[in-house]
Structures are given as structure tokens and as C-alpha cells.
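Visitor: Mind looking over this structure? Questions follow.
Throughout, read-outs are computed from the coordinates displayed, never taken from laboratory work. This is a predicted model, so every value here is computed, not measured. All Cβ positions, glycine included, derive from the backbone under ideal geometry; neighbour counts span all protein chains shown.
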Amino acid sequence: MGLNDAEYERICELMKREPTDTELGMFAVMWSEHCGYKYSRPVLQLFKKYREAMEAGGFENAGVIPLNEQFGIAMKVESHNHPSAVEPHQGAATGVGGIIRDIFTMGARPIAILNSLRFGPPTDPRNRYLFEHVVEGISHYGNCIGVPTVAGEIYFHPRYSGNPLVNAMAVGIAPLNQLMLARADEPGSAVIYVGSGTGRDGIHGATFASEALGEDSEEKRPNVQIGDPFMEKLLIEATLEAIQTGAVLGLQDMGAAGLTCTTCEPTAKSGTGVDIEVNQVPTREPGMSAYEIMLSESQERMLLYVKAGEEHQVEAVYKKWGLNAVTIGRVIAENVVRVRQNGEIVAEIPATYLTNECPTYYLDTEEPDYIRAAREFKMDAIPDLDDANQALLKMLSSPNIASKRWVYDQYDWLVQTQTVLPPGEGDAAVLKIRGTEKGIALKIDGNGRYCYFDPVTGGQIAVAEAARNVACTGAMPRAVTDCLNFGNPTKPHVFYQFKGCVEGIAQASEAFDTPVISGNVSFYNESELGEVFPTPTIGMLGILEQVENRVGAGFPESQLTVVLIQPAAFAVNTQQGLGASEYLAVVHQVENGQPAPFLLAEERNLHHFLVKAAEQRLLRSAHDLSDGGLAVALAESAIIYGVGADIVLTEQAADWTERRDAILFGEFQTRVLLSVETGHLDKIKTLVSEYGLQAIPLGTTGGDSLTVRLQGRTVMDLPLSECRKAYQSLSDAMSK
Amino acid sequence: MRAAVVVFPGSNCDADAFYALRDELGVQTDYIWHAETDLRGYDLVVIPGGFSYGDYLRCGAIARFSPVMRAVQAHADRGGFVMGICNGFQILCESGLLPGALVRNEGMKFACKPVYLRVENTQSVFTRGYQPQQVIQIPIAHGEGRYVCDEPTLQQLREENRILFRYCSPEGDLSEDWNPNGSVDFIAGVLNERGNVMGMMPHPERACNRGLGSADGCRLFESALGVLVG
């Protein structure tokens with residue numbers, strides 16, 4: 001069931017008796033890592049907001065960032081890795097459903113979905129099956145509920161073959177004066193169950209999520225819940241309408257640990273309790289035990305705490321939408337979760353035993369040998385490139401870099417008609433918020449390979465890249481939600497990776513003033529093939545004061561000047577730039593070395609420069625340099641609208657003493673590629689100097705090819721049609 | 001001048017149509033819940049996109065039996081204008097207000113992207129604001145948007161000039177490369193015999209503001225409403 005002997009003894013000690021079966025089940029799910037964060041909590045204290053929230057008595061469903069005086073933006077990301085590994089369509093679909101509920105239970109209308117996906121190489125049939133069906137599951141669910149899927153990222157690596165990662169993020173907008181909390185403050189108020197009936201699906205899903213996948217994981221298919229997006233759509237509308245009645249005091253989604261979690265968490269926070277009768281719970285089949293009802297993770301259900309005497313108002317709203325709304329009990333003053341079946345008490349546990357008393361473990365860390373080896377790895381063993389054209393085509397057709405059009409064409413990214421910078425056109429999606437002049441920019445990002453070879457720098461880069469992406473659209477990075485995907489935390493090297501990544505994320509989010517406002521931890525991402533790369537994914541929210549100032553990533557027309565922005569003191573360093581790079585992996589099949597270090601303060605300056613330059617309307621395009629470095633960024637900006645470029649890398653632009661592969665494909669942080677009106681070049685140069693950056697003109701946009709000259713020689717000369725063909729290779733392969 | 005946007009449980013483009021009509025076109029617009037039985041007083045009724053009642057059966061198969069659809073039928077009988085968009089088009093076909101049916105896209109996948117349409121009929125009340133053969137850009141977002149009908153119906157649609165829009169290339173050429181779902185004869189939208197009920201799979205309400213990539217859809221609503229004003 002997931003509890004160890006010591007934990008069982010602790011339960012007996014707390015209860016001063018042996019627990020009943022139902023009670024034991026309730027403890028097992030609430031004390032799982034998935035619900036109780038028993039391993040991660042000490043490390044999560046590194047996040048400032050988390051620390052403050054824990055001190056204040058509880059972390060709410062999702063954080064909220066004010067947009068203006070009236071409205072706030074809520075967002076959260078969550079993993080659904082294990083369910084997706086055994087049942088990709090439903091696993092991914094219910095991942096979307098769960099995170100959407102976290103948003104509207106706050107009183108926020110969901111306005112966007114993002115996702116971050118990791119699979120093994122798509123050339124393998126099993127991986128391809130998982131990839132196709134995860135996308136289909138997200139598409140089916142998201143499209144049906146009418147929330148646009150606006151951005152995402154997909155990365156392939158053998159490390160994810162046995163254990164794909166499916167992280168879903170949702171964003172919502174709420175009136176700041178109507179934010180809802182998961183609390184149960186008033187004794188006597190009604191406990192109202194709404195939504196789908198409770199079935200036998202998903203029992204012990206949280207426990208399942210807290211173990212490694214193995215050969216028998218397929219047998220856990222029944223642990224995977226089945227999603228009903230139509231029901232979810234009704235639940236969104238009905239719940240937002242019910243909140244308007246003013247009768248709802250608190251509410252929580254029934255996600256992991258179902259009815260157990262939604263009864264004990266709000267009451268533990270409020271210092272109250274509940275007395276509920278499980279026979280009142282609508283079920284999908286007769287004869288369900290209290291154990292099953294308390295632990296079911298059936299989807300599309302929520303628990304509402306409603307003012308005594310005003311139950312009928314709430315019931316009427318749900319009835320209009322054709323949904324269940326049943327009073328199953330009352331809030332009581334006594335701090336106990338009392339569960340009855342046929343009036344008889346089958347479980348009676350002080351709420352805080354299930355939440356606050358969840359044991360905390362301080363796990364050992366140990367730096368793994370491969371990291372020490374990576375630190376010593378020398379690039380001298382790798383020959384420099386001789387054919388930059390071939391190298392670029394190879395990079396563009398790498399599934400990690402290639403266009404994901406095949407994926408986002410299946411997502412309705414335009415419903416709600418707010419998506420003004422769509423997938424494939426910008427470094428982040430931009431939504432115009434109806435009724436305001438403002439926009440929000442959204443991005444989700446992460447790089448498992450960087451984190452594997454250098455957890456702290458990798459964690460910093462995850463935040464830096466996401467923030468830079470958002471800033472490239474002209475939006476100021478404002479907040480982070482993170483999903484932390486790791487292996488078994490009791491292995492010291494895994495916990496070392498975890499702790500390092502969290503440190504890096506915490507440092508970067510403090511440096512950029514983008515607090516981590518919500519998140520999720522997913523351990524045990526392992527299979528018989530070993531653990532996944534340590535993979536934190538960072539969801540980033542940026543705000544554009546004037547959405548009209550948004551900036552795309554593609555060269556929009558000919559005769560613009562292409563400009564590279566980088567720190568004033570930047571110099572290409574072959575050793576650092578190729579470390580843990582996509583170039584090394586794709587072209588040389590070598591994965592080693594460490595990602596290039598960078599300064600958080602310089603990175604922050606770059607974000608501020610981008611926002612200021614966008615405000616002054618100096619940017620025609622802005623695209624960050626990330627996987628594949630300068631050459632790939634140039635190609636991507638050219639491919640988007642089919643506008644080529646003629647580039648000359650002067651000695652100022654590239655240190656000629658360094659290797660060509662590092663100059664063209666090296667991966668360094670704090671760099672972006674712009675296109676600007678030639679007449680604006682001086683203004684750009686003046687502006688960058690205020691931020692400690694340099695602006696280097698590289699050439700001119702135009703034509704239907706991409707040419708790059710270095711040291712007076714043409715090293716790259718490719719028709720855009722060839723670049724596009726390589727860039728479309730993943731989508732073409734998936735369409736067959 | 002009043003417009004109604006019908007709301008079924010599971011509609012999800014109702015708000016988009018509402019905002020396009022009210023905010024972009026300045027029309028007094030109301031939501032009409034599926035249980036309503038009376039549409040008198042409205043000039044234009046829009047049946048929006050979405051997944052009415054979940055669409056777990058054939059798309060639109062349940063919605064056709066809803067109370068509001070009897071009112072839509074009565075509205076059409078009175079000569080009122082009806083526009084079905086995406087799921088709304090599917091519902092109108094299921095209800096028999098429009099001929100043909102919408103089936104699974106040829107590629108089997110849901111597709112969301114901007115497409116090009118050629119305006120084939122500029123005589124109808126819905127399309128008279130366009131130029132003959134004008135190419136417009138309107139996004140699609142559907143999994144079951146492949147228009148099919150039997151051969152006599154197709155003949156009739158052609159002869160009676162009731163094909164409003166065809167999928168085409170940016171230059172206005174008809175080719176399977178630019179047919180996003182495999183629709184017969186590239187059909188993207190059709191008109192009823194009387195000329196007051198139309199349905200289309202692409203979403204004009206998503207193309208009423210340049211910020212969203214195209215404002216080509218405005219003309220459609222303007223045409224219908226402009227006629228009523230005049």
C-alpha cells in the first residue's frame with residue numbers, strides 16, 4: 001500500500017489503536033510523497049513563497065499574480081507521468097482535466113493550457129505510440145472543454161523510453177475580490193459533493209505515482225482514471241456560476257486521494273472537521289465500500305463547503321447544468337474527519353494527522369561519478385566541423401529542434417479568441433486579455449540534459465530560458481510554476497540532482513523576481529531502463545502592459561538588420577559552449593561536459609532590455625539562442641515567414657580563435673537574435689549599453705536562403721526550402 | 001437589430017461568437033440557453049461551435065432534439081437568418097435544415113489552423129459583402145469537418161449556387177493540398193434552398209479582428225446584419 005513499518009507504527013501511536021482498513025487507506029494516500037511531499041518538503045523550503053506559505057499555514061491550489069486592480073492570473077503545472085506511461089490517451093487527458101480543476105476551484109476561468117512532454121526516440125514504435133496518444137489525449141480533452149492549448153515543448157531522449165513525462169499546465173483569470181480558497185472555516189456549513197459519480201477507477205493513483213514503473217505497470221491500467229471532458233466543461237461553467245451566488249465558502253478539486261484529500265486538507269487548515277456519510281455519495285456502481293469511496297480518484301468531481309441554509313442556491317446551479325450536487329455531511333467544530341457508512345463510523349481521524357503529521361524525511365545526497373567526469377571532459381577529443389550546411393540540416397531535423405507543427409495543429413489554440421501570438425510564431429504564446437490593453441505571455445521549458453550534467457546550473461537555465469522566451473515577446477517575466485520530475489529520491493545521487501535543481505531554480509527565480517507560486521513534485525520516474533534525466537519544467541508567466549507591442553520570433557520582411565545581443569563581456573568558449581549541447585549529441589553522438597555557466601544579473605538585464613525595446617517598438621523580431629545556438633536561431637527566424645538572411649560573423653561577432661562548431665552551434669545563455677529597422681540600430685546600441693549588453697549587427701534579412709560568412713569565407717549557404725524540409729521532418733514523419 | 005447565440009451544454013465557441021457580434025460589430029446580442037423554446041424578436045440566430053452534449057454520438061445528433069432547435073426551425077420558417085458554425089453546421093445538417101453531413105477528417109486528426117476560402121456566391125444575404133471569387137482567410141478547428149453528400153444533392157447545390165465557400169490555395173486555386181479535411185468538392189460552407197440558413201466549418205467569429213491574424217470573417221456577419229438594416 002506504500003507505507004513502511006515505521007510509518008504504520010507511527011499511525012498506531014497517533015491513533016492510540018490499530019487503524020481500520022479505511023483509515024489505513026486514507027493514511028497511505030495522504031502520506032504518499034504525491035500528497036504529503038514527505039521527501040521533497042525540506043528542499044522546497046528553498047522557494048521563498050513556499051516557505052512563506054508553509055509558515056502562514058498552507059499552500060493554496062495555485063498562486064495568483066495581479067494583472068491589474070481587478071483581475072489576477074492563476075497558474076499551475078502538474079505531472080501525469082505514470083498514468084500516461086500505461087494508458088497514454090487517458091493519462092494525458094486526465095492530466096489536463098486535473099490541472100484545469102485546480103484553476104477553476106480558485107474561482108478563475110481557465111484561459112490557457114500548456115504542456116511539456118518527454119518521450120523516448122520517436123523512431124521506436126512504442127515511443128511513437130505513446131507520443132501519438134498523449135497528444136491525442138491532450139487534444140481531445142482540451143479541445144472539448146474549450147480552453148486553448150497555446151504553447152508547449154517536446155523533447156525526445158532514450159532516457160525517457162520507459163517513463164515518458166507528461167506535464168500539463170493551466171492558466172486562469174479571476175476577479176481578485178472573488179478568489180476562492182480550499183477552506184472549511186464554518187462549523188455547520190454543508191459539505192456538498194458535485195460532478196461525476198464515484199467509481200472504482202484510480203483507487204490508489206497517488207500511491208501508484210509514488211513508486212517506480214516496472215514490468216507489472218501495465219497491470220496498473222485500472223489505476224488510471226478515465227476522463228470525461230464534457231462533464232469537465234459543465235463543471236467549469238456550473239462551478240464559476242455557483243461561486244457567483246456567494247454561498248460557496250471554500251472548495252477543492254478531488255484529484256489525488258479524492259474524497260480523503262478534499263475532506264482532510266481544508267479542515268486541517270481551518271482547524272475544523274467534517275462528519276460525512278459515504279452512502280450519500282453518488283456512485284457509478286452499487287456495493288462500493290467506504291474504503292473505495294474515500295480513495296477513488298474518479299475524475300470531474302469536486303467538494304464544496306457551502307453556507308448553512310444556502311445549499312439550495314448551489315444545488316440549483318448544478319441542476320441547471322445537469323450535474324450532481326449532494327450534501328454528504330457537515331463541517332464540525334471538532335478537528336476530526338469522521339466517515340460513516342449507513343450511519344456507522346468507519347473512519348475517524350483528526351484531520352491534521354493526515355496532513356501535518358505526515359512524516360518528513362531528510363534524505364542523503366551524493367554527487368554521482370558521471371558529474372565529476374563531465375567536469376573533466378575535454379572537447380579536444382571532438383573534431384571541429386567541416387561541413388556547416390550538413391550540420392545545420394542535421395540539427396534542424398533533430399526531433400528536439402524540429403517543428404512541432406504536427407502536434408499543435410491538433411490542439412485548438414485559438415478558442416476563446418485571445419491568442420494573438422500563436423504557436424510556432426513566437427518564443428512564447430501571447431494572449432490579449434479581453435477588456436484590457438494587456439497581454440500575458442506564456443511558456444513552459446526545461447532541459448533535462450543540462451540538469452543531468454550540472455543540476456544547479458541546469459535549474460538556473462530552465463528558469464532563465466523560460467524567462468528569456470517570455471521577454472522576447474516583450475513581456476516582463478512575473479512568476480514561475482514548476483514541475484519537478486525525478487527518479488527515486490531515496491537514491492542519494494537522485495536526491496543530489498533534485499536538491500541541486502531546486503537550488504538553481506530558487507536562485508534564478510529570486511534573481512529575476514519571478515517567484516515560484518505553485519508547483520508539483522513527481523518522483524519515481526524510473527523504469528527497468530533506469531531513471532529519467534532530472535527534469536524540472538518551468539512554466540513562466542509574463543505580462544505585457546500593451547499587448548500591441550508584442551514581438552514575434554520570425555524575420556517579418558526583407559531589409560532589416562539582424563542583431564545579436566549578448567553580455568558586454570561575452571566571448572565564445574568552445575569548452576563551455578559545447579558542453580551537454582544538442583550539437584554534441586546530434587552530430588557526434590556524445591553527451592558529456594557541462595552547460596555553460598552564466599550570470600543571473602546579466603540575464604535579468606537582458607529581460608529588462610527586451611521589454612524596454614519592445615515598449616519603444618524597436619524590435620521587429622526577437623528569438624532566444626538556445627538548443628543549437630546561433631545557427632539554429634538564425635534558421636528558425638528565417639523559416640517562420642520564409643525570409644532569409646545574409647550574415648557576416650566579424651571578429652567582433654565571433655572570436656575567430658575559437659572553433660567554428662562552438663561559434664555556430666555552441667549553447668550559451670543570455671543571448672538573443674533580433675531583427676530591427678536599420679534606422680533603429682543606433683537606438684538599440686544606446687539602449688543595450690544601459691543594460692551592460694552589446695549589440696552586434698550581423699547582416700541583413702531578405703532572399704530565400706541563409707548564408708553565413710566567417711573569417712571571410714562562406715561557411716553556410718542553404719536555400720530556405722532545404723532548411724524548411726529538415727525542420728518539418730518530425731511532422732512529416734508523424735503524418736505518415 | 002438583435003442577434004442570438006444558442007448555448008448547449010458543451011458549446012465552447014458561444015462566447016467567441018457573442019464577443020465578435022457585440023464588441024467587433026456592435027450588435028445587441030443575447031445568449032439563448034438550449035432549453036428555451038422561443039426565438040421571436042431575433043433577426044440572426046448563431047449556432048456556435050463546441051461539443052454539444054459532449055458529442056459522444058455523431059456530432060450534433062443529440063442537439064437536434066433539444067427544445068431550442070424547434071425554435072430555430074420556427075425562426076427559419078419565419079424567414080429569420082440562421083448561421084451554423086462548426087458544431088453549429090453539424091447540428092443544422094443533423095436537423096435537416098441543411099443538406100449533407102460532416103464526417104471524420106480525412107487525416108483522422110483534429111486540425112486547428114488558418115485556411116483559405118474562395119467565396120463562390122456573392123448573392124446570398126450572408127456573403128453579399130464579399131467580391132466574387134474573393135479569397136479570404138478564416139481558421140478551422142475541427143475533427144469532423146469533412147463535408148459529404150450524395151451526388152444528386154451535390155448537383156443541386158452547384159446548380160442552385162448554394163455552395164458559399166470552397167477551400168482553396170492562397171491564390172484561389174482548388175487543390176487537394178489545400179483541402180484540410182477531404183470535403184467533397186472542397187465545400188466549406190453551404191446555404192439552404194430558401195437562402196436564409198447557412199452553415200460552415202471554418203470559424204468566422206475567430207476572424208473578426210486583425211490581432212487574431214484576420215478580420216475577413218466580419219463581412220459575413222455584416223452582410224447578414226446589413227441586409228436587415230437596409
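Visitor: I need the Debye-formula profile for the range A:373-424: one equal scatterer per C-alpha, no solvent, reported as log10 I(q)/I(0) at q = 0.13, 0.16, 0.28 1/Å, two decimals.
Guide: The Debye formula, applied to the Cα set alone, gives -0.61, -0.72, -1.06.
Visitor: Right, something else. Given the options B:G172, B:G49, B:G41, state which has the largest fluctuation in a GNM of chain B using a 10 Å cut-off (strictly under) for Cα springs.
Guide: Comparing B:G172, B:G49, B:G41 in the GNM, the peak value goes to B:G41.
Visitor: Still on this structure, please answer the following. For the range B:29-77, just run the numbers: alpha carbon Rg, then divide by 2.2 N^0.38 Å, N being how many residues it has.
Guide: Numbers: Rg = 11.1 Å, N = 49, 2.2 N^0.38 = 9.7 Å.
Working it through for the range B:29-77, the quotient is 1.15.
Visitor: Find the Cα radius of gyration of the range A:25-100, compare it with 2.2 N^0.38 Å by division, and give the number to two decimals. Could the numbers behind the result be given before it?
Guide: Details: Rg = 15.5 Å, N = 76, 2.2 N^0.38 = 11.4 Å.
Here the answer is 1.36, to two decimals.
Visitor: Sticking with this structure for a sec: Quick check on the exposure proxy: order A:S637, A:S161 from fewest to most C-beta atoms within 10 angstrom. Intermediate values should be presented prior to the final figure.
Guide: Numbers: A:S637 26, A:S161 20.
Ordered by Cβ neighbours within 10 Å, fewest first: A:S161, A:S637.
Visitor: Once a ≥ b ≥ c are taken as the square roots of the eigenvalues of the Cα gyration tensor of the range B:86-154, is the result rounded (a/c under 1.5), prolate (a/b larger than b/c) or oblate (a/b not larger than b/c)? Kindly include the intermediate steps, with their values, before the conclusion.
Guide: Details: a/c = 1.92, a/b = 1.21, b/c = 1.59.
Oblate.
Visitor: Note down the relative contact order for the range A:551-736 as a percent, whole number, built from C-alpha pairs under 8 angstrom at least six residues apart. Write down the numbers at each step before the final one.
Guide: Details: 369 pairs, mean separation 68.0, N = 186.
Contact order relative to length: 37 percent.
Visitor: What fraction, in whole percent, of alpha-carbon pairs in the range A:227-344 exceed 23 Å separation?
Guide: On the way: 1911 of 6903 pairs.
Tail of P(r) above 23 Å: 28 percent of Cα pairs.
Visitor: Same structure again: Pairing the Cα long axis of helix A:5-15 with the longest principal axis of chain A, what angle in degrees results, from 0 to 90 and rounded to the nearest 10?
Guide: Taking the Cα atoms of chain A, the angle to A:5-15 is about 50 degrees.
Visitor: From the C-alpha gyration tensor of the range B:38-159, pull out the three semi-axes of the equivalent ellipsoid (sqrt of 5λ each), sorted largest to smallest, in whole Å. Display every interim value, and only then the final one.
Guide: Values: eigenvalues 99, 86, 44 Å².
For the range B:38-159, the ellipsoid semi-axes come out as 22, 21, 15 Å.
Visitor: Here's a follow-up. For Cα pairs less than 8 Å apart in space and 6+ apart in sequence, what is the mean separation divided by the residue count of the range B:107-230, i.e. the relative contact order in percent?
Guide: The normalised contact order for the range B:107-230 reaches 29 percent.
Visitor: Tell me the volume per residue, in Å³, of the convex hull enclosing the alpha carbons of the protein assembly as shown.
Guide: Values: hull volume 152.0 nm³, N = 966.
It is 157 Å³ per residue.
Visitor: Based only on other Cβ atoms within 10 Å, what is the fewest-to-most ordering of B:I140, B:I62, A:I11, A:I345? Walk me through the numbers on the way to the answer.
Guide: Numbers: B:I140 25, B:I62 19, A:I11 22, A:I345 13.
Exposure proxy ranking, most exposed first: A:I345, B:I62, A:I11, B:I140.
Visitor: Another one. Please report, for the Cα atoms of the range A:551-736, the Rg to one decimal and the Dmax as a whole number; what are they, in angstrom?
Guide: 16.1, 51
Visitor: By how many nm would the segment from A:R434 to A:K319 lengthen if fully extended, with 0.36 nm per residue of separation less the alpha-carbon distance?
Guide: Numbers: separation 115, 0.36 × 115 = 41.40 nm, distance 2.95 nm.
Difference between extended and current length: 38.4 nm.
Visitor: With n ≥ 4 as the cut-off for DSSP H runs, can you work out [θ] at 222 nm for the protein assembly as shown, using -39500 (n - 2.57) per run divided by the number of residues, rounded to the nearest 500?
Guide: On the way: 33 runs with 319 residues, N = 966.
It lands at -9500 deg cm²/dmol.
Visitor: Where does helix A:629-641 land angle-wise versus the long Cα axis of chain A, in degrees 0 to 90, nearest 10?
Guide: 80
Visitor: Please report, in debye to the nearest 20, how large the charge dipole of chain A is about its Cα centre when each Lys and Arg carries +1 at its beta carbon and each Asp and Glu carries -1 there.
Guide: Values: 59 positive and 94 negative charges, 283 e Å.
Charge dipole of chain A: 1360 debye, to the nearest 20.
Visitor: Could you work out the Kirkwood radius for the range B:2-229, taking every pair of different alpha carbons, averaging 1/r and inverting it, reported in Å? Could the numbers behind the result be given before it?
Guide: Values: mean 1/r = 0.0588 Å⁻¹.
Hydrodynamic radius (Kirkwood, Cα only) of the range B:2-229 equals 17.0 Å.
Visitor: Normalised by the empirical 2.2 N^0.38 Å for globular proteins, what value does the Cα Rg of the range A:1-127 take? Numbers along the way, then the final one.
Guide: Values: Rg = 18.9 Å, N = 127, 2.2 N^0.38 = 13.9 Å.
That ratio works out to 1.36.
Visitor: How high is the relative contact order of chain A, given as a whole-number percent (alpha carbon pairs under 8 Å, six or more residues apart)? Before the final figure, lay out the partial values.
Guide: On the way: 1887 pairs, mean separation 108.8, N = 736.
Relative contact order, chain A: 15 percent.
Visitor: On to the next question. What is the fewest-to-most order of A:L176, B:L154 by other Cβ atoms lying within 10 Å of their Cβ?
Guide: On the way: A:L176 14, B:L154 18.
Result, fewest neighbours first: A:L176, B:L154.
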